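Computed from the coordinates by the stated procedures, all read-outs in this text should not be read as laboratory data. Treat the numbers as computed from the prediction; the structure is a model and nothing was measured. Glycine gets a Cβ as well: all are built from the backbone with ideal geometry, and neighbour counts include every protein chain shown.
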Amino acid sequence: MNPIKSIIARRQTYLSKNYEKTKHGKKIAKLKDIHKGEKCFIIGNGPSLRPEDMTILHQNKIISFGANRIYNIFDKTPWRPTYYACEDEFVLEEIKDKVEELDIEYKFIPAYWKWYKGLNIKSATYYNILLNQSEIRASENMAKYSVLNGTVTGFFFQMAVYMGFKEIYLIGVDHNFSRMTDKNGNLIIDKNVKDHYGNVKNADENTKGIFNIDNATQTFIYLKEYCDSKGVKVYNATRGGKLEVFPRVDFDNLFNKEN
């Protein structure tokens, strides 16, 4: 191995094992319990997402998390996510210039993709991820690491608990795609299903991966158990969709005068 590359590799290994001591690790540590007792929304990019719902979140000053190509809705609403993340390396390769331009203070990007894939977002807050875990897990200290569980929504759950939120609401998490694989690797195709909000091409046309729906469901089941153990309530306010792990609530009833 090239001596310089060897030194860089050793340094990156050291940083990964001691991430809480890095500049970005210390920045993330300051987010611990910053929203203690509050509620937040995790926004999915599903086709059920409505700009008018995002405007309601904006008007009510609700703290929210948005990911990937969520910026496709920005021209229809004044809403912007409080926190942004992109965890998929293939998506990040395609949208890195857009991510760089986002006027959002916290744009969470895995340091791994910067170190080993050369995906450098200058304005990002880099976090450490554990790859290739044999079981679904969650991090107890996001300044040290986040566990990669196959969906950026999993990162948001871990971060929301770390930040101290006591209520998490999901919207736009349709949990249904035009091309999916099941636990046995069988391909499921439904050409009548759209993957994303707006006129965005379906995921498999944009990325090199196809979503494993059974793995994602197991991740959500684990995340519900994890949140339950922390006393964090999670509700699904998505309009339709196929995610039934969390109790459903009607978004239209969440912000009326009585509630």
Largest first, please: the extent of the C-alpha atoms of the chain along each principal axis, to the nearest Å. 63, 42, 36
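Can you give the helix-only mean residue ellipticity at 222 nm for the chain, where every DSSP H stretch with n ≥ 4 adds -39500 (n - 2.57) and the sum goes over all residues, rounded to the nearest 500 deg cm²/dmol?
Values: 9 runs with 88 residues, N = 259.
Theoretical 222 nm ellipticity from helices: -10000 deg cm²/dmol.
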Would you pull out the residues with amide H under 5 Å of Asn212's amide H, same chain only if 5 or more places away, H placed 1.01 Å from N? Thr181
Taking the Cα centre of the range 52-125 as origin, work out the dipole magnitude from +1 charges on Lys and Arg Cβ and -1 charges on Asp and Glu Cβ, in debye rounded to 20. 200 debye
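Just list whichever of Lys30/Lys76; Lys32/Lys107; Lys27/Lys122 have alpha carbons separated by over 21 Å in the model shown. Don't skip to the end; give the middle numbers.
Values: Lys30/Lys76 33 Å; Lys32/Lys107 16 Å; Lys27/Lys122 15 Å.
Beyond 21 Å: Lys30/Lys76.
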Quick one: length gained pulling Phe74 to Leu130 fully straight, 0.36 nm per residue minus the C-alpha distance? 17.0 nm
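With a ≥ b ≥ c taken as the square roots of the eigenvalues of the C-alpha gyration tensor of the range 54-167, please select rounded if a/c is under 1.5 and otherwise prolate if a/b is larger than b/c or oblate if it is not? Please list the in-between numbers first.
Working: a/c = 2.06, a/b = 1.23, b/c = 1.68.
The shape class here is oblate.
Relative contact order for the chain: what percent, with Cα pairs under 8 Å and sequence separation of 6 or more?
Values: 448 pairs, mean separation 55.9, N = 259.
Value for the chain: 22 percent.
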Choice from Asn186, Asn72, Asn120 with maximal GNM fluctuation in the chain (Cα, 10 Å cutoff): Asn186
What is the antiparallel percent of DSSP beta bridges lying wholly in the chain, to the nearest 5? 10 percent
Determine by what factor the alpha-carbon radius of gyration of the range 54-107 differs from 2.2 N^0.38 Å, reporting the quotient. 1.13
Of Ala138, Ala237, Ala29, which has the largest mean-square fluctuation in a 10 Å C-alpha GNM of the chain? Ala29
Beyond 22 Å (Cα-Cα) in this structure, taken from Lys144/Lys230; Lys144/Lys242; Lys36/Lys144; Lys39/Lys230; Lys23/Lys224; Lys61/Lys166, we find Lys144/Lys242; Lys23/Lys224
